[in-house]
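The values are calculated or read from the model by the stated rules, or taken from the named source; none is laboratory data. For clarity, every value in this text was computed on a predicted model and none was experimentally measured. Ideal geometry is used to build each Cβ from the backbone, glycine not excepted, and the neighbour counts take in all protein chains shown. Ligands, DNA and RNA are stripped out before the accessible areas are found, and what is left, the full protein with its side chains, is counted by its heavy atoms. Shrake-Rupley method; radii C 1.70, N 1.55, O 1.52, S 1.80 Å.
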Amino acid sequence: MHIHVTGTGPALVLIHGWALHGGIFAPLVQRLAPHFQLHVVDLPGHGFSRDDDTPLRLPYLVNAIAAATPPAVWCGWSLGGLVALHAAATLPQVRGLAMLAATPRFVRDDDWPDAVERSVFEQFGRDLEQDYHGTLERFLALDVMGSQHARSELRTLREALVERGEPAPRALHEGLALLDRSDLRGALPGLRTPGLWIGGQRDRLVPPNALHRAAALAAAGLHTAHTIDGGGHAPFLGHADDVAGRLQRFVAACT
């Protein structure tokens with residue numbers, strides 16, 4: 001698994017979302033590298049880890065990343081948040097948990113209304129078989145839908161998607177299954193790791209209410225949630241200064 005290390009200071013692990021790679025964090029890396037040692041992950045089947053055949057299942061991913069990184073704050077965006085949350089719940093070396101537009105459960109349920117209908121992930125899976133490139137394009141459009149800076153963010157996502165090679169179809173299907181089947185809400189009440197949840201006000205995949213509900217499930221006082229005004233599903237692109245500032249203060253407090 002490719003993990004790019006840059007910067008100096010306390011360690012921060014960055015884990016990207018579905019179909020992208022660690023390069024998408026460039027705005028955060030630029031702002032945070034002077035303060036922290038960043039470990040920027042390319043998940044198996046993505047970016048420079050395209051030929052890594054590690055299954056996209058939480059225990060495999062967490063163990064592989066943990067073996068290659070020091071004790072650190074773990075930060076996950078979207079699907080990467082599931083990896084970070086599982087790590088925080090199972091590994092003592094995780095010193096803090098930052099969730100960017102991420103949730104313990106991505107699929108809507110009767111008692112979890114602020115999420116996506118299961119049919120959305122099922123449709124993406126079927127569409128990948130018929131129109132690989134078109135399906136990725138539609139997902140990127142969903143990432144930025146509603147964002148105050150949707151046009152520029154979509155351009156950035158499109159460029160990032162191919163700059164390290166296209167993601168492996170196997171990894172995309174496994175990633176969709178991970179988003180569809182994971183429910184980590186049960187890990188939150190017993191979690192003693194400090195947590196920061198950051199989301200976009202206009203996010204259509206992870207509505208801000210989901211972040212606040214998730215933070216409330218954790219032990220009282222340990223987790224806080226913040227909503228970025230005008231932000232979409234990738235708020236660290238259009239609102240990099242705000243997100244980086246919140247992360248900088250949080251990581252500094254954890255280490």
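Here residue 85 passes the criteria (1) surrounded by fewer than 24 Cβ atoms within 10 Å (Cβ to Cβ); (2) under 19 Å from residue 38 (Cα atoms) except the one numbered (1). If the condition is being aliphatic (A, V, I, L, M) and either out of contact with any Pro (no Cβ under 9 Å at 6 or more places or on another chain) or free of Cβ contacts under 8 Å to residues at least 12 places away in the same chain (or both), then region 92-136 contributes 98, 99, 102, 107, 116, 120.
Of all residues in region 155-190 being in a loop (DSSP other than H, G, I, E, B) and of a type outside the set (D, E, K, R), which is farthest from residue 119 (Cα to Cα)? Steps first, answer last, please.
Quick first cut of region 155-190, residues in a loop (DSSP other than H, G, I, E, B) only: 164-168, 182-184, 188-190.
From what's left, of a type outside the set (D, E, K, R): 165, 167-168, 182, 184, 188-190.
Numbers: 165: 28, 167: 22, 168: 22, 182: 15, 184: 20, 188: 26, 189: 29, 190: 31 Å.
This residue is 190.
Residues in region 137-151 that are out of contact with any helix residue (DSSP H, G or I) (no Cβ under 7 Å at 6 or more places or on another chain), in contact (Cβ under 8 Å) with a residue 60 or more places away in the chain and not in a loop (DSSP other than H, G, I, E, B): 142 only.
Just one residue in the set 54, 69 is farther than 20 Å from residue 167 by Cα, among the polar types (S, T, N, Q) and in contact (Cβ under 8 Å) with a residue 24 or more places away in the chain; that residue is 69. Only one entry of 2, 16 meets the criterion of being touching a helix residue (DSSP H, G or I) at 6+ places or on another chain (Cβ under 6 Å), crowded, with 24+ Cβ neighbours inside 10 Å and more than 16 Å from residue 246 (Cβ to Cβ), and that entry is 16. Scan region 105-140 for residues that are in contact with a strand residue (DSSP E or B) (Cβ under 9 Å, 6 or more places away or on another chain) and either under 15 Å from residue 197 (Cα atoms) or modelled with pLDDT of 90 or more (or both) and jot them down. Matches in region 105-140: 105, 106, 107, 108, 115, 116, 117, 118. Annotation for region 57-80: no member residue is within 21 Å of residue 234 (Cα to Cα), open to solvent by 10 Å² or more (accessible area, probe 1.4 Å) and in a strand (DSSP E or B).
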